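One structure below.
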Amino acid sequence: MTVTRFAPSPTGNLHIGNIRTALHNWMLAKKAGGRFLLRIDDTDAARSREEYVTGIRADLTWLGLEPDGEERQSARLAIYQDAFERLRAAGRVYRCYESAQELDLKRKVLLGRGLPPIYDRAGLALSEAQHAQFAAAGVAPHWRFKLDHAEPIEWADGVRGAQHFEPSQLSDPVVRRADGSWLYMLPSVIDDIEMGVTDVLRGEDHVSNTASQIQMFTALECAPPRFAHEALLVGSEGKLSKRLGSLGCDAFRERGIEPQALVALLSRLGTSQPIEPIADRGALIAGFDLATFGRAPARFDELELERLNHAIVHQLPFAEVADRMPEGIDEAAWLAVRPNLEKVADAADWWRIVTGPVHLPAFSDDDRAYLAEAGRLLAWGDDPWRGWTAALKDATGRKGKPLFLPLRLALTGMDHGPEMAALLPIIGERTARERLERAAAG
């Protein structure tokens, strides 16, 4: 069974890049009839906050990306410790003592010599006596995973194709801090093993992490999952944007963006498939294919999202919006105003046309006489607008705009809006007559 996971850190709200990663992992799992898991990476106790955990769950629910299971790293520390001890016994992790400043100086020296800033493995050269001296001085070690330089790293990436890394060109990654807390790299591998993750789909900024983690899987005597790394999002201007890091579900909700529109855009952003206002998730899932993903940065355009949103709103059935409608709006009213909406919330503005009061413009004497005649000829039936306007055309000789516009203005106070054939029955006969009389009276 295909098992994917989304693994956010609860140190902030989800942003558009996180949302895209979650969506693609959900789609990858659903297309294969598999499972999509949520893993809360909360090992950083100082920065993790429970309100962000709650927010992550709420955002996934709003997007319709309900996980099939959830794990929290803070509840799995014993599992990490056990795996760490096995790696320690096998000589695959080792102690180091450099400060951040010392490491930074080493990197600068190497770069100044035109060399890659790779860690020099100084920790491996320390004797037990030197370790004892650090311990006596109260200096605790941090731990690095020892990459096997004799084992080339290769994998078939689901987006980038064949990948090859020489481990000697990578720094041994730090996996545990001096205070005993965990960094991302090793717990993520242990979780993928323990949770049965078969496919890891994430951003291309993790490619070098994947190279190191593949050896961690091997060291723990487990086969690595399939990896795929998609291009990162850029702003509409074509470059990385700080704004993308602040765009989250709250911002989209406040702007009236429907989750279906966001899903329609992000599901195909960065692929060769056309971006269309498709509200049917089944259709989007059926077309999801890593082979369509490109290597170029995926450009996120907020104007394109707005256009998609308009089109999606025009497809939404009443059942999906009923709990957001003003009191009194039923399905017929929703279908009447829906073609004129840019956002679902705009329905309230159009509903005020029905409930009133409406502000009437000044009418000419001819139009007031016409509206008086219209009031006399108004006959209510199954399709009052078409029968009424046909009678008015025969009686007055008016047609086109002179026939229809004064009626719309008298009934709604506006020169545009929903189709009157759908709107008039909702306004109702009594209110329509009252408005016509008021308009005719001037």
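The values are calculated or read from the model by the stated rules, or taken from the named source; none is laboratory data. All figures in this text were calculated on a predicted structure; none of them were measured in a lab. Please note: Cβ atoms are built from the backbone with ideal geometry, for glycine as well, and neighbour counts cover all protein chains shown. Only protein heavy atoms, including side chains, enter the accessible area calculation; ligands, DNA and RNA are left aside. Shrake-Rupley method; radii C 1.70, N 1.55, O 1.52, S 1.80 Å.
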Item to complete: Name the long-range amide H neighbours of VAL3: under 5 Å, sequence gap of 5 or more, or other chain; modelled H, no Pro or chain starts.
Response: ARG35, THR198, ASP199
Practice prompt. Mind giving me the nanometre distance, one decimal, between the label points for ASP301 and GLU98, set 7 Å out from Cα along Cα→Cβ?
Written response: 4.6
Worksheet item: Extension gain GLU166-LEU115, at 0.36 nm per residue separation less the Cα-Cα distance, in nm?
Response: 16.8 nm
Worksheet item: What percentages, rounded to whole numbers, describe P(r) for the stretch 68-205 computed over all alpha carbon pairs with 10 Å bin width beginning at zero?
Response: 9, 32, 36, 18, 4, 0
Worksheet entry | Relative packing of peptides 119-129, 15-25 - highest average C-beta neighbours within 10 Å first | 15-25, 119-129
Worksheet item: Taking 0.36 nm per residue of separation and subtracting the Cα-Cα distance, what length does fully extending ALA122 through LEU290 add?
Response: 56.4 nm
Discussion item. If I compute solvent accessible area with a 1.4 Å probe over the protein chains, what percent of it on the stretch 270-328 is carbon and sulfur?
Written reply: 54
Worksheet, complete the sentence: Here the residues of the stretch 212-235 lying in the modelled label zone of LEU183, meaning backbone nitrogen under 19 Å from a point 7 Å along Cα-to-Cβ, are 212-220
Worksheet item: Ignoring ligands, DNA and RNA, how do TRP182, TRP380 rank by accessible area with a 1.4 Å probe, largest first?
Response: TRP380, TRP182
Worksheet item: Mean separation of Cα pairs under 8 Å and 6+ residues apart, divided by the residue count of the chain: what relative contact order is that in percent?
Response: 13
Practice prompt. Mind putting a number on the dipole of the chain about its Cα centre? Charges go on the C-beta only, +1 for Lys and Arg and -1 for Asp and Glu, and I need it in Debye to the nearest 20.
Written response: 680
Worksheet item: Ranked highest first by average number of other Cβ atoms within 10 Å, how do 327-333, 37-43, 417-423 line up?
Response: 37-43, 417-423, 327-333
Worksheet item: Taking springs between alpha-carbon atoms closer than 10 angstrom, which of LEU170, LEU424, LEU377 fluctuates most in the Gaussian network model of the chain?
Response: LEU377
Practice prompt. Mind putting a number on the dipole of the stretch 156-247 about its Cα centre? Charges go on the C-beta only, +1 for Lys and Arg and -1 for Asp and Glu, and I need it in Debye to the nearest 20.
Written response: 360
Item to complete: Rounded to the nearest 0.05, what FRET efficiency do PHE217 and GLN315 give with R0 = 41 Å and r taken as the Cβ-Cβ distance? Could you check?
Response: 0.40
Worksheet item: For the stretch 1-125, what % of the accessible area comes from carbon and sulfur atoms, probe 1.4 Å?
Response: 53
Response to the item:
From most to least accessible, 1.4 Å probe, no ligand or DNA/RNA atoms counted, ARG398, ARG107 line up as ARG107, ARG398
Item to complete: Using a Förster distance of 51 angstrom, determine the FRET efficiency expected from the C-beta separation of GLN130 and SER246, and round it to 0.05.
Response: 0.65
Response to the item:
Everything considered on the Cα gyration tensor (a ≥ b ≥ c; rounded for a/c under 1.5, else prolate if a/b is larger than b/c, else oblate), the chain must be described as prolate
Worksheet item: Rank TRP350, TRP334 by accessible area, highest first, at a 1.4 Å probe radius?
Response: TRP350, TRP334
Discussion item. At a threshold of 8 angstrom on Cα-Cα distance, excluding pairs fewer than six apart, so keeping six or more, what relative contact order does the stretch 93-250 reach in percent?
Written reply: 20
Practice prompt. Would you check the accessible area of SER9, probe 1.4 Å, heavy atoms only, in square angstrom rounded to 10?
Written response: 60
Worksheet item: So, in Å, what gap is there between the alpha-carbon centers of the stretch 208-273 and the stretch 96-170?
Response: 28
Worksheet, complete the sentence: Checked the stretch 45-100 against the a/c 1.5 cut and the a/b vs b/c comparison, axes a ≥ b ≥ c from its Cα gyration tensor; verdict prolate
Worksheet item: Which part of the stretch 410-432 falls in the paramagnetic zone of LYS401, meaning amide N under 19 Å from the point 7 Å along Cα-to-beta-carbon?
Response: 410-420
Discussion item. Antiparallel versus total DSSP beta bridges in the chain: what percent is that, nearest 5?
Written reply: 45
Practice prompt. Please work out the average accessible area per residue across the stretch 165-297, using the 1.4 Å probe convention, and give it in Å².
Written response: 40
Worksheet item: Expressed as a rounded percentage, what relative contact order does the stretch 54-148 have, with Cα pairs under 8 Å and six or more residues apart?
Response: 35
